[in-house]
Structures are given as structure tokens and as C-alpha cells.
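Only one structure is covered here, and it is reproduced in the block below.
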Amino acid sequence: MNEKYNNEASGEGASQEKMSQDSHRASSDQQASRSLVVGLIPAPELPEKVISQIEGELPDLFKWHVDGEVDWVVETVTDPLVGAGGDVHEVIDRAAAMKQRYGWHYIVCITDIPLVFERHVVVAEGSKKRGVAVISQPTLGISPLRARMREAVIHLVNELHYGSDPAERDVQQQRMDDQEDARKRHGIQTTSSRELMGSRFSELLVPIKRATYGDDELDVRFFFSARIRGYLKLLGGMVRANRPWTMLPAFRRIYAVAFATGSYGLIFTSLWLMSDHYSALRFVIMMLAAIGSMVAWLIIDHNLWEPSSYTSSRIISRLYNAATVGTLCVGISIYFFTLFCMFFAAVLVFVPSGYMASTLQHHVGVGTTALLAWLTTSVATFAGALGASLESEEVVRNATYGYRQQLRHNKVEKLEEEEQEKQKEEEEKEAPQKHDDANQTHPDKPSS
């Protein structure tokens with residue numbers, strides 16, 4: 001009987017242990033189901049830098065402004081996603097494949113590619129069914145990138161989590177109204193469940209429009225409603241991504257040639273007299289002509305212009321060429337100002353103010369010194385344009401192009417080389433045929 005009791009007690013204990021294990025497993029499964037992983041895939045360089053600034057605070061922000069019943073986990077993988085000529089569909093397809101590979105619930109891609117749909121600039125897109133969203137970083141403008149990126153990521157995750165149909169957006173609008181204090185505390189300016197980000201000065205100039213779709217591939221798309229202003233804002237973001245200020249340390253030889261030329265010119269009083277008689281309009285024209293000549297020479301001499309014949313989209317090709325011009329204009333303008341400061345100091349140190357006053361026959365002040373430095377800088381910049389030939393193509397391209405434009409230029413160069421090799425092979429094939437035709441037309445005469 002005791003044995004029977006022990007067996008029953010043992011069976012009851014095993015049953016309780018099993019029930020405890022099942023309960024623990026169910027609790028673990030429930031806990032696991034409450035954890036959602038959001039994968040962020042920024043492109044290298046600027047998108048990666050911006051995401052690194054906000055990824056630490058995103059889990060708490062998702063809990064506050066997306067779903068408080070979920071434990072959010074954020075993982076980041078840097079990847080260009082597509083080549084230089086990819087479009088938004090290619091980005092989404094590759095992102096969906098990465099989402100499946102890593103086992104993420106949602107994925108937000110931050111690409112540096114300009115996205116265009118029906119001649120409108122696309123800011124972001126999202127597909128709830130695939131759990132994928134895409135943000136085009138250049139469309140966020142020049143600044144503040146961090147605040148805009150944070151708000152855009154939060155909103156897109158919200159749409160992926162709940163959906164983009166009007167009923168869900170109305171429910172989220174009520175939730176946003178109830179948490180107005182929390183949004184202000186976290187510095188989030190978005191006030192509508194249908195807005196990608198808050199309306200700052202840039203968004204007032206270039207409004208962002210929202211469109212919803214009922215197909216499986218796409219649920220929501222955000223794009224600039226004003227085409228021209230949208231392209232201008234996009235260009236500003238593309239120039240920002242190219243980091244034009246990095247040209248300064250790269251153009252050491254150009255600085256050397258320009259400063260040597262200008263310093264030599266300061267010896268002659270002709271520059272003094274010219275700067276004293278020039279009008280303000282002439283100073284501006286000379287400055288613009290000098291900057292323009294250097295920009296044009298850098299593009300021509302270092303093959304920075306992208307031919308549209310080797311790209312799939314002429315609009316994208318024109319955008320990248322415009323971004324190249326804009327990057328060089330900003331970089332050379334910084335170069336011009338730096339050179340002006342150097343010549344201003346040189347005039348103060350090396351040009352005797354008394355001798356200059358006797359030559360110009362009037363008092364020499366700061367204004368006269370600044371005008372002489374301005375004229376000298378313009379003249380030296382013309383010389384610096386010729387000195388740009390001393391810099392290697394690799395140095396100039398690395399200083400001018402960002403990551404994405406480097407990829408595009410490498411692709412164009414490869415296509416050009418393939419085209420040249422193809423033409424060479426065709427010419428080699430045609431040469432024997434032409435030789436045979438010539439022999440048939442003019443046969444050799446028999447020797448007598």
C-alpha cells in the first residue's frame with residue numbers, strides 16, 4: 001500500500017512538474033511573442049552616421065509612440081542594399097530578403113539613392129504585408145537630419161505595425177492626441193497620424209503628400225507634392241551627403257599654386273590700383289567667373305560628368321550631375337573664402353600701408369585691404385583652376401563624390417571600358433574582311 005501511495009505521489013509530483021514546465025514554457029512563449037525586432041539598414045557614410053545617433057533611443061520611443069505592450073529590440077546592419085542604378089522596388093525586394101534572413105519582424109531601410117516615381121520625388125514607402133519600409137535620406141534635406149530621421153522611422157514603424165488604412169490611422173490619431181505631452185517631452189513634432197514627420201520650415205516650403213494603395217506590394221507612399229522645389233530639396237540633401245567641406249585638405253596643390261600666384265601679384269601696384277577703381281558689381285562678376293571656371297575645369301579635366309547613355313534613368317543621371325556641380329560650387333566657395341582670409345592676412349603683413357596710401361592717394365583702411373584681398377583671391381582662383389590639373393583624378397573624385405556617386409562612377413567607367421573593348425574587337429574582326437575585299441577589287445597584276 002505504501003508502494004502504491006509512493007507511486008501515486010510520484011506520479012502526482014511528475015504531473016505537477018510537467019504542468020509547471022508547460023506553464024513556464026507558455027509564459028516564455030508569451031514573453032517571446034511580446035518582443036518585436038526592428039531591423040535598420042542604413043547605407044554607408046551619412047545614413048549610417050545619422051542612424052547611429054538615434055538607434056539607442058528608438059526602443060523606448062517605439063514603446064511610447066507605437067505600442068506600449070511590446071518589448072522593442074532594434075538591430076542595425078549597414079548595407080548599400082542596391083547598386084548605383086537601383087530603384088525602390090529593388091530596395092524593397094532585397095530588404096525583404098534580409099528581413100527573412102535575420103528573422104526580424106519589421107525592417108526600415110535608409111538609402112542614399114534618390115527615388116523618383118512618375119517624376120515626383122519619393123521620400124518614403126511602406127508595405128505592411130512585407131513588413132518593409134524605405135526612407136530616402138537625401139529627401140530629408142540638409143538639416144536637422146537627426147530629428148527628421150527619428151520621426152520618420154517612428155512613423156513608418158507605426159504604419160507597419162498597425163496598418164495604413166483610414167480606420168487604423170484614426171485610432172492612432174486618438175492615441176497621439178492622448179500622448180501629446182509625451183511627444184513634446186521627447187521632442188517629436190509630428191501631430192498627425194498621417195504625417196511622416198513634423199512640419200518645419202523646409203516642409204512648409206516643400207510639402208510632403210501621402211498616398212495609400214491597396215495592393216500587396218505597397219501600402220503607403222510619401223512624396224513631394226511640388227516637383228521643382230522637391231528636386232531642389234533633394235539636390236540639397238545629395239550635396240550634403242557628398243560632404244563638400246572635405247575638399248579643403250585634398251586640394252593642397254591647388255592652394256599652393258593659387259597662393260603663390262596671388263602673393264606674386266601683390267608686389268605690383270597695378271592690382272592695388274585696379275582694386276581701388278573696380279565697382280562692387282565687377283568684384284562679384286570676377287568672383288563668380290573665377291569659381292565657375294574652377295568648377296568647369298575640375299569637371300572637364302577629371303572626367304566628373306556622368307554620361308546619360310550609360311544609365312537606366314536620365315532623371316537620376318541629371319540629378320547626380322547636378323549634385324556634382326553643387327558639391328563643387330559649395331566646396332570651391334569655401335576654398336575661395338579660405339584663400340581670401342589668407343590674402344587678407346598677407347596684405348596686412350607684407351604690403352606697407354603708407355606706401356599703399358601714397359600710391360592710391362587716400363587713406364588705407366580695412367575696406368581697402370579687404371578689396372585688394374578680394375581681387376587677389378579672384379585672380380589667384382583663375383590660376384588655381386589651372387593648378388587643379390596637378391591633382392590626380394582619384395584625389396579629386398574622393399573629395400567630390402560621396403559613397404553612392406563613387407559606385408555610380410565606377411559602374412560608368414566599367415561600362416565605358418566594356419564598350420571600348422567591344423568596339424576594338426569589332427574593328428579587329430572587320431580588318432581582315434576589308435583586306436580581302438580590297439584584294440578582290442584590286443587583284444595583283446601578274447609579273448611579266
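Amide H contacts under 5 Å for Ile113: Gln137, restricted to partners 5 or more places along the chain or on a different chain, H placed in the peptide plane at 1.01 Å from N. Rolling a 1.4 Å probe across the protein heavy atoms gives segment 181-269 an accessible surface of 52 Å² per residue.
Of the GluC sites (Glu not before Pro) found in segment 165-270, those in coil by DSSP whose Cβ has at most 14 other Cβ atoms within 10 Å are Glu217. For segment 105-206, the equivalent ellipsoid built from the Cα gyration tensor has semi-axes of 21, 18, 12 Å, listed from largest to smallest. Residues whose amide H lies under 5 Å from that of Asp71, counting only those 5 or more places away or on a different chain, are Ser35, Leu36; hydrogens are built 1.01 Å from N in the peptide plane. With all protein chains in place and a 1.4 Å probe, the accessible surface of segment 217-348 carries 69 percent carbon and sulfur. Rounded, prolate or oblate for segment 217-278? Axes are the square roots of the Cα gyration tensor eigenvalues, ordered a ≥ b ≥ c, and the cut-off for rounded is a/c under 1.5. Taking the square roots of the gyration eigenvalues as a ≥ b ≥ c, segment 217-278 is oblate.
Is the C-alpha gyration tensor of segment 255-337 telling us rounded, prolate or oblate? Criteria: a/c under 1.5 is rounded; beyond that, a/b larger than b/c is prolate, otherwise oblate. Prolate is the answer for segment 255-337, as a/c is 1.5 or above and a/b outweighs b/c. Sorted into 10 angstrom bins from 0, the C-alpha pair distances of segment 283-383 split as 14, 34, 24, 15, 8, 4, 1 percent. Karplus-derived 3J(HN,Hα) values for segment 40-56, using 6.51 cos²θ - 1.76 cosθ + 1.60 with θ = phi - 60°, are 10, 10, x, 6, x, 6, 4, x, 4, 5, 5, 5, 5, 7, 10, 4, x Hz; glycine and proline are entered as x.
The values are calculated or read from the model by the stated rules, or taken from the named source; none is laboratory data. As the structure is a computational prediction, the values presented were derived from the model and not from experiment. With ideal geometry, Cβ positions are generated from the backbone for all residues, glycine too; neighbour counts draw on all protein chains shown. Ligands, DNA and RNA are stripped out before the accessible areas are found, and what is left, the full protein with its side chains, is counted by its heavy atoms. Shrake-Rupley method; radii C 1.70, N 1.55, O 1.52, S 1.80 Å.
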